[in-house]
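Quick notes on the structure that follows.
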Amino acid sequence: MSAFCHFSGLTLHFGADTLFSNLSGTLTRAATTTGLIGPNGRGKSVLLKLLAGRMTPSAGKISWDVPIFSVDQVTRLSGPRLADALAVALEHDRLCRIEQGQGSLQDLEQAADQWHLPASWKALLTEAGLPQDLDAPISRLSGGEQTRLALCAAFMKRDHFLLLDEPSNHLDAQGRSWLMQCLAAHPGGALVASHDRTLLRQCSELLELTGEELRRYGGNYDLYRSVRQAETDALEQQIEHQTRQLHRDVQQHLFARQSADTRRRQGERQRASGSQGKMLLDARAQRAQHTEGCQQSLHQQRQRQMQEELGQLKARRELLTAQRLELPIQGVRGGVRLHLDALQLPWVKQAPLSLTVYGGERWRVQGANGSGKSTLLRIIAGQIEAPAGECRVSGRCLYLDQECSFLQPDLSAVDNLQRLNPHLSEAELRTQLGRVRLRRDKALLPTALLSGGERMKVALLAISGLNQAPDLLLLDEPDNHLDLDSRELLESVLRDYPGMLMVVSHDELFIEAVGVGQYLQL
């Protein structure tokens with residue numbers, strides 16, 4: 001099987017810490033799109049930078065057989081015009097000169113096989129929802145549009161292997177559909193780090209970065225889930241078997257000790273009766289004592305080994321099984337929770353909104369990027385004022401944005417939770433953080449240094465510790481930056497939440513999982 005890339009022994013140290021060690025793998029031509037998955041903080045973005053040659057590994061080798069092009073999560077292209085950013089300025093300017101009747105003989109010769117290019121450039125820009133004018137300044141593009149422009153630059157390099165880091169983040173439904181169509185049609189192949197399950201279902205294979213190894217799955221996300229479930233089931237059986245073995249070993253050891261005690265009492269009676277010689281009885285007692293000591297030592301050694309194996313099995317199970325967290329349900333009230341009357345949104349062209357929402361309803365606010373979805377949630381949360389109309393909120397309202405901004409970034413996870421839930425002890429909070437895999441140093445780091453998914457876990461723990469649940473929960477793309485396990489955790493939390501939920505999300509699977517029933521289109 002031919003390969004685009006082969007890497008071996010990749011190791012990366014940050015000071016005294018090792019992010020990963022001795023990673024090896026191959027990107028094959030059999031897989032048109034390979035998905036790169038793994039928990040937040042395990043090094044997916046770093047691995048992409050190493051493969052792109054933008055970072056140097058502490059050890060290991062990387063060998064490419066094709067040209068490559070990489071796009072980070074926040075890639076911003078340089079150049080005053082779209083043509084410059086897309087690296088087609090020479091071709092574009094040459095064709096423009098010819099079209100205007102100012103082209104030289106050299107221009108005509110060089111453009112001989114390039115007449116089709118402007119149509120393909122404009123078609124790609126149109127499909128991406130970007131201006132077709134290649135002379136347009138990129139300074140007028142929004143952040144999301146500049147991200148799409150960077151992806152356009154990637155897809156224009158048909159013979160390049162693409163390294164894409166979370167390319168679907170911040171794309172609306174139309175943008176995500178465009179991205180997946182372009183990936184499917186790109187002949188050069190791609191490695192895509194993503195937690196977008198719809199995108200991962202389109203991948204030919206998946207690579208999972210666990211921190212210890214790079215595991216290959218020869219299929220898409222559905223195959224990955226089935227393999228993970230089979231592994232979990234097998235681990236449960238191993239844990240049950242090991243637990244039974246431990247219990248059986250203890251029972252056998254107790255039976256052996258009881259038998260030894262019985263023989264010892266028999267020897268003491270024989271000694272008292274004088275029926276056997278003292279020297280014979282002493283020798284027999286000494287042998288029995290030596291045998292019992294050996295058996296006790298062997299038993300303790302077996303117990304330590306089996307306990308260690310059981311601990312390793314349980315640790316593996318913890319990594320495979322879904323995390324659980326529950327929001328408080330007490331105190332949530334019904335009735336009208338939100339009433340909008342001729343509400344005008346600032347900064348966007350949107351007809352005035354009138355809407356009444358009741359407790360327990362689940363709404364999705366949807367629309368293209370820039371249509372005012374986040375603005376509406378911030379008005380409801382009381383963070384900004386509407387220029388006209390009425391917004392009336394009844395009950396406790398909590399707004400959770402992508403950055404979890406109600407957390408103080410300079411405080412640790414433990415300190416943030418103590419600030420928001422003063423009735424809980426530090427030990428209780430550390431235990432809760434451990435249950436969502438934020439242990440030891442992670443719990444003491446400033447939350448600004450945590451990944452987006454880790455901050456979301458801290459925010460959810462803060463909400464779960466409240467004495468009363470919020471009546472209105474507003475979520476602004478909460479699933480962005482979350483790894484697969486954290487998305488499942490968030491979904492499980494929201495499924496059981498009894499209050500009014502209003503969410504902005506472009507992930508159809510997430511919307512379905514949390515039981516959204518009403519839709520507001522902007």
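Worth a mention:
- Nitroxide proxy distance, nm - points 7 Å out along Cα→Cβ at E508 and Q300: 6.3 nm
- Amide H to amide H distances under 5 Å link R201 with Y221, where only residues 5 or more positions off or on other chains count and H is placed in the peptide plane.
- Distance between the modelled labels on E109 and T126, one decimal in nanometres: 3.5 nm (7 Å Cα→Cβ projection).
- Modelled this way, with points 7 Å down the Cα-to-C-beta line, the labels at S63 and R440 are 3.6 nm from one another.
- Most to least packed among 179-185, 30-36 [average Cβ atoms within 10 Å]: 30-36, 179-185
- Evaluating 6.51 cos²θ - 1.76 cosθ + 1.60 at θ = phi - 60° for every residue in segment 496-506, the Karplus couplings come out as 9, 6, x, x, 7, 10, 10, 10, 10, 7, 9 Hz, glycine and proline recorded as x.
- For R216, solvent-accessible area (1.4 Å; no DNA, RNA or ligand), Å²: 110 Å²
- When every Cα-Cα distance of segment 146-195 is counted in 5 angstrom steps from zero, the calculated P(r) takes the values 5, 22, 36, 28, 9, 1 percent.
- Residues Q251 and E231, FRET efficiency given R0 of 35 Å [Cβ-Cβ distance, rounded to 0.05]: 0.70
- Protection-proxy order for peptides 488-494, 130-136, each taking the mean of Cβ atoms within 10 Å per residue, highest first: 488-494, 130-136
- Sequence-distant contacts, meaning Cα pairs under 8 Å at least 6 residues apart, place the relative contact order of segment 150-200 at 48 percent.
- Taking 4 °C and 1.567 mPa s as conditions, segment 377-509 diffuses translationally at an estimated 83 µm²/s according to Stokes-Einstein applied to its Kirkwood radius (Cα pairs).
- By the Stokes-Einstein formula, at 0.890 mPa s and 25 °C, segment 322-439 with its Kirkwood radius over alpha-carbon pairs has D equal to 144 µm²/s.
- A convex hull fitted around the alpha carbon atoms of segment 354-396 yields 93 Å³ per residue.
- Degrees, to the nearest 10: 221-273 long Cα axis against longest axis of the chain: 10 degrees
- Segment 166-241 - Rg (one decimal) and Dmax (whole number), Cα, Å: 15.4, 50
- For the chain, the relative contact order comes to 15 percent (Cα pairs under 8 Å, sequence separation of at least 6).
- Amide H contacts for H170 (H built 1.01 Å from N in the peptide plane; partners 5 or more residues away or on another chain; cut-off under 5 Å): none found.
- Among Q258, H170, H6 the positive-end extreme of the charge dipole of the chain (Cβ point charges): Q258
- Ordering E403, E477 by accessible surface, largest first, gives E403, E477; the 1.4 Å probe counts only protein heavy atoms, with every chain in place.
- At R0 = 45 Å, FRET efficiency that the Cβ-Cβ distance of E240 and E385 yields, to 0.05: 0.15
- Rounded to 5, percent antiparallel among DSSP beta bridges of the chain: 50 percent
- Note on segment 59-129: Rg/Rh from Cα positions, Kirkwood definition for Rh, rounded to two decimals, is 1.11.
- Karplus-derived 3J(HN,Hα), 6.51/-1.76/1.60, for each residue of segment 68-79, Hz, glycine and proline x: 10, 8, 10, 9, 7, 5, 10, 4, 10, 7, 9, x
- Alpha-carbon radius of gyration plus Dmax, which is the widest Cα pair, for segment 388-434 in Å: 14.9, 48
- Here is the list for segment 68-129: chymotrypsin sites (Phe, Trp or Tyr not before Pro) lying in DSSP coil, each with at most 13 other C-beta atoms within 10 angstrom of its C-beta, are W115.
- Rounded to the nearest 10 square angstrom, D401 shows an accessible area of 30 square angstrom against a 1.4 Å probe.
- Inverse mean reciprocal Cα-Cα distance (Kirkwood Rh) of segment 1-121, Å: 18.0 Å
- Cut-off 12 Å between beta-carbons: net charge of the residues surrounding P80, Lys and Arg +1, Asp and Glu -1: 0
- Average Cα contact separation per residue, segment 399-450, under 8 Å, 6 or more apart, as relative contact order %: 47 percent
- Whole-Hz couplings from phi, Karplus 6.51/-1.76/1.60, listed for segment 397-408; x for Gly and Pro: 10, 10, 10, 10, 9, 4, 8, 6, 5, 6, 7, 8
- Proximity of backbone amide H atoms, modeled 1.01 Å from N, is registered between A3 and R29 at under 5 Å, excluding neighbours fewer than 5 places apart on the same chain.
- Along principal axes, Cα extents of the chain, largest first, whole Å: 128, 64, 37
The values are calculated or read from the model by the stated rules, or taken from the named source; none is laboratory data. Source: prediction; values computed, not measured. Neighbour counts are summed over all protein chains in view; Cβ atoms, including those assigned to glycine, are modelled from backbone coordinates with ideal geometry. Just the protein is used for accessible areas: all its heavy atoms, side chains included, with ligands, DNA and RNA removed. Shrake-Rupley method; radii C 1.70, N 1.55, O 1.52, S 1.80 Å.
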